[in-house]
Amino acid sequence: MRSSRQDTEKHREAIIDAAAKLVRERGLDGVSVPELMAEVGMTHGGFYRHFDSKEALAPVAFARAFSTVDNFLQAAANNHPDDQDGTLREFFQTYLSPKHRDDPGTGCASTALAGDMARATPGAAAQKAYVCGVEQMVRELQAVQGSDSADSHQQALVTLSTMVGALLLSRATRGNAISDDLLSAALQAILPKPD
């Protein structure tokens, strides 16, 4: 008996969600198709009903993984309507938290996938998806910081670089005092200053 279109779409979504989580935890090369399919309770062969290859899945999984930061930002905006500084403060505190550091599988794709993408072939589908995600993060930061000027674009780039760099270094030094110090220092550097 064939599955319905709804079941097919449900399985595809489960594969994408699992891939988005696993690539952030292990890197793109650290996840095999059999491991991915075991994660969603399906057989290895079932993968190819949804994707031609792991390389075809990567950009879709990356796009899903980048939505995490959108969710962080949207939650902060919902908690602070009409309060730009409150939104930024909550977003930065969530992003630069030990909880986010310690759970890369549900965290920011720009940080989790940076090492893989630094070694990726320029122009590869996965790298293109990563670049799109980073550019979207810059646009969102720029929008929430409240301006479309060249200066605000520059500020968004600096803010994103500070956030991602601090989180990446904090993960690499986890278990040592400097790990928390990196998060704290970055947070203090980018928090909105009182007028």
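Since every read-out is calculated from the coordinates, none of them should be taken as a lab result. Just so it is clear, the model here is predicted, and its values are computed rather than measured. When we count neighbours, we look across all protein chains shown, and the Cβ atoms used for this are built from the backbone with ideal geometry, even at glycine.
Contact map, the stretch 154-180: residues that are under 21 Å from D70 (Cβ atoms) paired with residues that are of a type in the set (F, W, Y), Cβ distance under 6 Å, separation 6+ or inter-chain. Pairs shown: M163/Y95.
Of all the numbered requirements in (1) of a type outside the set (F, W, Y); (2) under 18 Å from M137 (Cβ atoms); (3) not in a helix (DSSP H, G or I), R174 misses one, and that requirement is (2).
For the criterion of being out of contact with any strand residue (DSSP E or B) (no Cβ under 6 Å at 6 or more places or on another chain), surrounded by fewer than 15 Cβ atoms within 10 Å (Cβ to Cβ) and acidic (D, E), D102 passes. Between G107, G146, the distinction of being over 21 Å from D29 (Cα atoms), touching a residue at least 40 places away in the same chain (Cβ under 8 Å), touching a Ser or Thr at 6+ places or on another chain (Cβ under 8 Å) and not aromatic (F, W, Y) belongs to G146 only.
Yes or no: A129 surrounded by 15 or more Cβ atoms within 10 Å (Cβ to Cβ) and outside any helix (DSSP H, G or I)? Give the derivation first.
Working: surrounded by 15 or more Cβ atoms within 10 Å (Cβ to Cβ): yes; outside any helix (DSSP H, G or I): no.
Considered against the rule, which asks whether it is surrounded by 15 or more Cβ atoms within 10 Å (Cβ to Cβ) and outside any helix (DSSP H, G or I), A129 comes out as no.
Based on this model, can you work out whether F66 counts as touching a helix residue (DSSP H, G or I) at 6+ places or on another chain (Cβ under 6 Å), closer than 30 Å to I178 by Cβ and crowded, with 19+ Cβ neighbours inside 10 Å? Here the answer is yes, as F66 does meet what is asked.
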